[in-house]
2 protein chains.
Amino acid sequence: MQDLTLVMAQLDPMVGDIAGNTAAAIEAVREARIEHGADVVVFSELFLTGYPPEDLLLREAMESRLQDALAEMAQKIDRIAPQTLVIIGYPGVRDGRRHNLAGVLLGGEWRGEYAKQALPNYQVFDEDRYFEPGHEPLIVEHKGAKLGILICEDLWDGAPVRQSAEAGADILVTLNASPFHLDKPAERERLFAERAREVEKPLVYVNAIGGQDELVFDGGSLVLVATGEVAVRAPFWQVGLMPVRFSRDAMGWEPQEGEREPLLGAEENLYCALVTGLRDYVNKSGFKGVVMGLSGGIDSSLSLAIAVDALGPDRVHAVMMPYHYTAEISQADAAEQARMLGVGYEVMPIAPMVEAFTATLAESFSGLAADTTEENLQSRVRGVLLMAISNKKGLMVQTTGNKSEMAVGYATLYGDMVGGYNALKDVYKTWVYRLANWRNAQEPAIPERVISRPPSAELAPDQQDSDSLPGYDVLDAILERYIEGDMSAEAIIEAGFERDDVYQVVKLVDRNEYKRRQAPVGVRVTLRGFGRDRRYPIVNGWKPGN
Amino acid sequence: MQDLTLVMAQLDPMVGDIAGNTAAAIEAVREARIEHGADVVVFSELFLTGYPPEDLLLREAMESRLQDALAEMAQKIDRIAPQTLVIIGYPGVRDGRRHNLAGVLLGGEWRGEYAKQALPNYQVFDEDRYFEPGHEPLIVEHKGAKLGILICEDLWDGAPVRQSAEAGADILVTLNASPFHLDKPAERERLFAERAREVEKPLVYVNAIGGQDELVFDGGSLVLVATGEVAVRAPFWQVGLMPVRFSRDAMGWEPQEGEREPLLGAEENLYCALVTGLRDYVNKSGFKGVVMGLSGGIDSSLSLAIAVDALGPDRVHAVMMPYHYTAEISQADAAEQARMLGVGYEVMPIAPMVEAFTATLAESFSGLAADTTEENLQSRVRGVLLMAISNKKGLMVQTTGNKSEMAVGYATLYGDMVGGYNALKDVYKTWVYRLANWRNAQEPAIPERVISRPPSAELAPDQQDSDSLPGYDVLDAILERYIEGDMSAEAIIEAGFERDDVYQVVKLVDRNEYKRRQAPVGVRVTLRGFGRDRRYPIVNGWKPGN
């Protein structure tokens, strides 16, 4: 009986850092050989540049840096693991065409390159901007096993899978950079099982880990048997090397069953995505930590818990900035949470600044009634304070507005929207509550009163969010249909919502594109985040209706 | 002898406003028939949705709205101009595929549709995200002339032009939405002449007019004879209907010479682009006017002139916000310019707010040295004042940072970067001077001292821009090579620049992507604006070098 040990390298490359990623790849091969006796090591898609490299691909120097990296890998891995077949993703220009490639290295030589055939160019993906599709399968034989190499979208498309099987693949080996969204892990397993069964071959799926701007990769690399069952499932949200042993019998090559890490529940998965996105943004950008405004409300409270889970309490600093409309309990709850989590905490009342602005503007505003201008002013004073602390102390401001607010513009541009990163940007308010409850069920991190009291921006006397918006359950249900579903106002009304609510909400969404365009990036966790995912004109004459 | 009157409808559709654009098209056909006896009216690319409609194309209701529009056009134009052939651009889903179409209407019936074959998916273009390419030519015969219909990129690509000629076209009729950049008008005429000569057919090029977010369309619709000379050139930067008469002789169909508006000089063209971009953004968004900070420096001074030229002095309001470091001459020059241009003008000293912030932050900052935090604070106080005026009075804040500053991050996020639109966003500082001089040569609009004194941000005592940056001639030359040219640091040094300057500049460009990501949109006038044109990761491990 023949066998083959394949190691899935589920790692977190840094976009643009070709030298660093190359060094990490070499080290992973060394470890895979020594620890697991790897015959084959498989990395994720575009590992050497990280994913997505975006317009870095257009830089003149990109190709020569990659050539240097490939030469270095060949030379060093030949010394470390001359008999290990390495399959790794990188971009490359071949015959004047740029491709998304998977290269195959053995014994100091690059033995072949596969060019991705199915290029995603929807949602957050722009691969047609950079790449031309390949047309040929690549089968590499090693220790008697024929590996059919594929890249990410090839698997979703399907045709390249059949082509690879027809070309003689014993095992389908796929390199992926598959961004997380809430339903993705289960969706993947259903689809991959179908693909494996369709061609009756086992399938290896290696995914990346980590956050890159708005994207987050969840890992969960997989090996499926030819009948579609999961033989091995790597952990989610953790880097690591995951070995799997294949053996050949009369039926062909099949993987042995190995570790099967559990699929996570929705709340846990989502929470891990937010923690990972924030942590990688802060660490990869080189910030010492984060500073954030703590209002006593649920968004900042959940954001603080996420920041502490991502970075540890010593790297998180909270500031309460009360004004006349800030409730006593808001101040008490903020202080209480800061104490619970052990983060740095300061109180800076904003009245002196608000009064100075009001006095300066008095002449210009004379005769004009108070309106949201005065509310925005409070929020902007807080933004300026946070940015000053950020600038002085090298801490990134963490923004805390949720997706429901970003959608309808219930946020102040240059006020509570200031900051470098927003963990909650793609999390609807109803999910903010679910996450807060889930997090507290693990270990208390958020004072219960923060969760139970009615939400308020506290920018005017006795203000509640429900004064100007439908309740969040209704709001979020309308938003999901409008944003994720691209449904018209009338179609949403037909689905059972109040006409006034629907028109109010869809008008607000359209009108506030300008705010979102200047918002910080944040983790995308739905099928339609406010980022690369949803490209809307700011100047927009579309009117709601049918 | 046969003849044919073709009218080029060089108009300014509003993105998303299908009903409004449809009404404008119907009215244009009526006018073209009555005023010019049009046999054929040609509109620009995607006229019914405006260009680019972006993700509005994904809305469920898009197709039914377009079907309604097509039905309305057929019905109304049949009454107004039953013998006029109308050729107009719109998107449409046919057999499950979305195409970028040109439809042909005559006598109340849609006679044919051409699907664009060459889809641009580079620079600012994302057409592969939305459209699938057509493969067939479309030739429409009207009054004995065979019109070969093409759309924009088809012309740049070339193959569809040859295909159309081979299919029997007498006249190539092209619908375009061709965004302006500085060298584009001359580039177009060179290319179109080549295409006309290649197939020995006359060529009609109809372009759109107006600003849409970061894009601006310059018009300049053209008719070329088969030997490539320009027979008719419509005005730049103006909407209008431009007739051209074709006649047939033994050699085939040829246009008669008509009006040939001049090509514009670089400064005039660029200035018009900035005025058009700003005007359309403000007007199409429904703002009453603009408010802006006037510092006595050249960027805000040129921006004020642009705003007045775009909107008239009554819709422009300027605010001088002096602090201890604001020179007397800055205040004098700002007041002088406001007087010259007749705009509203206020002075709001910022010391009270700066002092209130400083006192509030004193404890938190105790023991820490002064740094750029204090400079940013001044800038942010000004931002908050402008936003308060904006909110209270319904005026959009016009931002004034130029491309050199945006590139190296010489600007304060949430400070001088606040605002809805930035006319100078894609204008290098050296071009700011060229434009200021050109504008003053037409009619004085900028005090000469503003142009002649050394530039300073005036955020610290005796500060000059040259304290922290290379001179703007050197800076801009490095930036052009790095941004437009995608050259490496070492390649720029080889081209003759100082090592220290080059490394300082390229590091600043890379490090400041986060600021640009939150910057307001502005008019794109180069081949690589900071918008859809240049898609960079914020978290980025790319290191400058070879």
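The values are calculated or read from the model by the stated rules, or taken from the named source; none is laboratory data. Everything numeric in this text was worked out from a predicted model, so none of it was measured. Heads up, the Cβs are rebuilt from the backbone with ideal geometry, glycines too, and the neighbour counts pull from every protein chain shown.
What to note about this one:
- Filter pass, A:M73 being assigned to a helix (DSSP H, G or I), in contact with a Leu (Cβ under 9 Å, 6 or more places away or on another chain), under 26 Å from A:A234 (Cβ atoms) and of a type outside the set (D, E): yes
- A:S330 among the polar types (S, T, N, Q), more than 24 Å from A:V275 (Cα to Cα) and within 9 Å of another protein chain (Cβ to nearest Cβ): no
- Candidate set from segment B:141-169 (those that are buried (at least 22 other Cβ atoms within 10 Å of the Cβ) and touching a Gly at 6+ places or on another chain (Cβ under 6 Å)); member that is nearest to B:M8 (Cα to Cα): B:A169
- Residue identified as facing another protein chain (nearest Cβ under 8 Å) and either part of a helix (DSSP H, G or I) or of a type in the set (G, A, S) (or both) among B:A370, B:A407, B:A362, B:A388: B:A388
To keep it simple, each residue is scored yes or no on (1) closer than 25 Å to B:D280 by Cβ; (2) at pLDDT below 95; (3) basic (K, R); (4) under 23 Å from the mean Cα position of the chain (by Cα).
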site: B:Y421; (1), (2), (3), (4): yes, no, no, yes
site: B:E443; (1), (2), (3), (4): yes, no, no, no
site: B:P447; (1), (2), (3), (4): no, no, no, no
site: B:Y482; (1), (2), (3), (4): no, no, no, yes
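- Qualifying residue in segment B:50-70 (condition: part of a loop (DSSP other than H, G, I, E, B), buried (at least 22 other Cβ atoms within 10 Å of the Cβ), away from every other protein chain (no Cβ under 14 Å) and touching a residue at least 24 places away in the same chain (Cβ under 8 Å)): no
- B:R382 being modelled with pLDDT of 95 or more, assigned to a helix (DSSP H, G or I) and more than 14 Å from chain A (Cβ to nearest Cβ): no
- Checked against (1) assigned to a helix (DSSP H, G or I); (2) more than 19 Å from B:T399 (Cβ to Cβ), B:A305 passes all but condition (2).
- Filter result (buried (at least 18 other Cβ atoms within 10 Å of the Cβ) and more than 7 Å from chain B (Cβ to nearest Cβ)) within segment A:532-546: A:R532, A:D533, A:P544
- Put simply, of B:E490, B:E484, B:E494 the only residue that is within 22 Å of B:H181 (Cα to Cα) and out of contact with any strand residue (DSSP E or B) (no Cβ under 8 Å at 6 or more places or on another chain) is B:E484.
- Some residue of segment B:31-38 being in the same structural domain as B:D213 (by TED's automatic domain parsing) and within 14 Å of B:A69 (Cβ to Cβ): no
- Taking residues in segment B:23-44 that are under 20 Å from B:G219 (Cα atoms), and partners anywhere that are assigned to a strand (DSSP E or B) and aromatic (F, W, Y), the pairs with Cβ atoms closer than 8 Å and at least 6 places apart or on different chains are B:S44/B:F217.
- The residue that is surrounded by the most Cβ atoms within 10 Å (Cβ to Cβ), counting only those in segment A:203-233 that are in contact with a Gly (Cβ under 6 Å, 6 or more places away or on another chain) and more than 14 Å from chain B (Cβ to nearest Cβ), is A:N207.
- Within segment B:343-358, the only residue that satisfies the criterion of being small (G, A, S) and at the interface with chain A (Cβ under 7 Å from one of its Cβ atoms) is B:A356.
- Members of segment B:337-359 found to be outside any helix (DSSP H, G or I) and either touching a strand residue (DSSP E or B) at 6+ places or on another chain (Cβ under 7 Å) or buried (at least 22 other Cβ atoms within 10 Å of the Cβ) (or both), listed by number: B:V343, B:G344, B:Y345, B:E346, B:V347, B:M348, B:I350
- Of all residues making up segment B:319-344, the number that are under 13 Å from B:S301 (Cβ atoms) and of a type in the set (F, W, Y): 0
Per-residue answers, yes or no, for (1) under 17 Å from A:G409 (Cα atoms); (2) within 27 Å of the chain's Cα centre (by Cα); (3) more than 14 Å from chain B (Cβ to nearest Cβ):
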site: A:I451; (1), (2), (3): no, yes, yes
site: A:S456; (1), (2), (3): yes, no, yes
site: A:L459; (1), (2), (3): yes, no, no
site: A:D462; (1), (2), (3): no, no, yes
site: A:S468; (1), (2), (3): yes, no, yes
site: A:V474; (1), (2), (3): yes, yes, yes
site: A:L479; (1), (2), (3): yes, yes, yes
site: A:M487; (1), (2), (3): no, yes, no
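- Of B:A186, B:A177, B:A226, all but one fail to be under 22 Å from B:G103 (Cα atoms) and either modelled with pLDDT under 95 or not in a strand (DSSP E or B) (or both); the exception is B:A177.
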